[in-house]
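To start, the structure itself, in structure tokens.
The values are calculated or read from the model by the stated rules, or taken from the named source; none is laboratory data. Just so you know, these numbers come straight off a predicted model, no measurement behind them. Glycine gets a Cβ as well: all are built from the backbone with ideal geometry, and neighbour counts include every protein chain shown. Areas reflect the complete protein model, heavy atoms only, side chains present, ligands, DNA and RNA absent. Shrake-Rupley method; radii C 1.70, N 1.55, O 1.52, S 1.80 Å.
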Amino acid sequence: MTMSESHHEHASRAPKRELPASMVERMTLILDAFDDLSSRLTLEEVACRTRLPRSTVHRILDQMVRLDWIDHASFGYCLGRRAKSMGEGDSGHIRVREAAAPLLHELHMTTGMVAHLSVLDGPDCVYLDKIGGQLAAALPSRVGGRVPAYATAGGKALLAGLEPEQVDALYPGPQLPARTERTITDLATLHLELNRIRRRHGLAFETGEATAEMSCVGAAVRSPASPVAAISLCGPTRPGHLERIAPLVADAVRTISRALYPELDTPRRNRAARTSGASWSPQVMERMLATQSNGWI
């Protein structure tokens, strides 16, 4: 018997691997394929890791995307909101809150404005922390409370970190309920605003969109894969004030992001930071803020 014939005979006698019978088992295999909360995989990589047929994986992934267990964007697939909340539980929010607390206090003491820490939960922002002294009473926000993300600076900063298709999935209707007469109320205008925020390197503004006569500037704390929380400063509307304090918010979210995710602080990034010490200078801020729409500031 030749070697090839022997190998063929051995393979024919080897027990065939049976595919998991239940949908729960197959979903579990797919979730286990993602090594951590920031993993990004293509369809082929998921099929290879699970050893399930590609067509089966594609069908199940589509269902899991619709149910928010998986996110699908231009780079492929990653864990969705439900999977991440199960993986981190309250501990993920605790870590963010602990890292942000001293900076929220510092922002409030420096500016006199109300400092918020919020996270995205479906189409809404949920407040994890609020520091504001006497001014805090003038704002309806509260720890544990929620507000439509598109109506706040912090929420818009978080939405700007998502793919446009993910934003569409959060707000399937063309019209968005208004909080005030200045709230963005249609999806097309929201996408224009999110594009402006991306061009401003993540800085978001709102004037009277969530609460009349109150303004806000916010930016997102980021993991290597996606935004995880937002810091914002809110107070009475004063012309030009948000633009002056925006660099403080930008510096705070960078500090928190690097504290939570040290891998962001690579030597290349350090060199970039040293060679661009004026990255938040008035001149650069002026160029960034020139991209804003006068209708929303």
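A few points about this structure:
- Close pairs from region 140-159: first of a type in the set (K, R), partner crowded, with 24+ Cβ neighbours inside 10 Å and outside any helix (DSSP H, G or I), Cβ under 8 Å, at least 6 apart: R146/C125; K156/A204; K156/E206; K156/G218
- Total residues in region 231-261, condition open to solvent by 10 Å² or more (accessible area, probe 1.4 Å) and assigned to a strand (DSSP E or B): 2
- Output for region 226-264, where each listed residue is touching a Leu at 6+ places or on another chain (Cβ under 9 Å) and among the polar types (S, T, N, Q): S226, S232, T255, S257
- Among residues of region 116-138 that are farther than 15 Å from H93 by Cα, those with a Cβ under 7 angstrom from a residue that is hydroxyl-bearing (S, T, Y) and open to solvent by less than 20 Å² (accessible area, probe 1.4 Å), sequence gap 6+ or separate chain, pair up as P123/Y171.
- In region 37-64, the residues that are of a type in the set (D, E) and either in contact with a Gly (Cβ under 6 Å, 6 or more places away or on another chain) or surrounded by 15 or more Cβ atoms within 10 Å (Cβ to Cβ) (or both): E45
- Taking every residue in region 50-73 that is in contact (Cβ under 8 Å) with a residue 40 or more places away in the chain and pairing it with any residue that is among the aromatic types (F, W, Y) and open to solvent by less than 60 Å² (accessible area, probe 1.4 Å), at least 6 positions away or on another chain, the pairs with Cβ-Cβ distances below 9 Å are I70/F34; I70/Y77; D71/Y77.
- Of the set (1) more than 22 Å from R222 (Cβ to Cβ); (2) modelled with pLDDT under 90; (3) not acidic (D, E), all apply to T111 but (2).
- Top-ranked residue in region 212-224 [being within 23 Å of S39 (Cβ to Cβ) and out of contact with any strand residue (DSSP E or B) (no Cβ under 6 Å at 6 or more places or on another chain); ranked as surrounded by the most Cβ atoms within 10 Å (Cβ to Cβ)]: R222
- Out of L158, L67, L128, L162, sole residue that is touching a Lys or Arg at 6+ places or on another chain (Cβ under 8 Å) and closer than 13 Å to V228 by Cα: L128
- Meets criteria (open to solvent by less than 50 Å² (accessible area, probe 1.4 Å), in contact with a Ser or Thr (Cβ under 9 Å, 6 or more places away or on another chain) and not hydroxyl-bearing (S, T, Y)) for I70: no
- Within region 142-153, tally of residues that are touching a strand residue (DSSP E or B) at 6+ places or on another chain (Cβ under 8 Å) and open to solvent by less than 20 Å² (accessible area, probe 1.4 Å): 6
- Among the residues examined, V228 qualifies as at pLDDT below 95 and crowded, with 19+ Cβ neighbours inside 10 Å.
- In region 89-147, of all residues being of a type in the set (D, E) and assigned to a helix (DSSP H, G or I), the one that is nearest to R238 (Cα to Cα) corresponds to E106.
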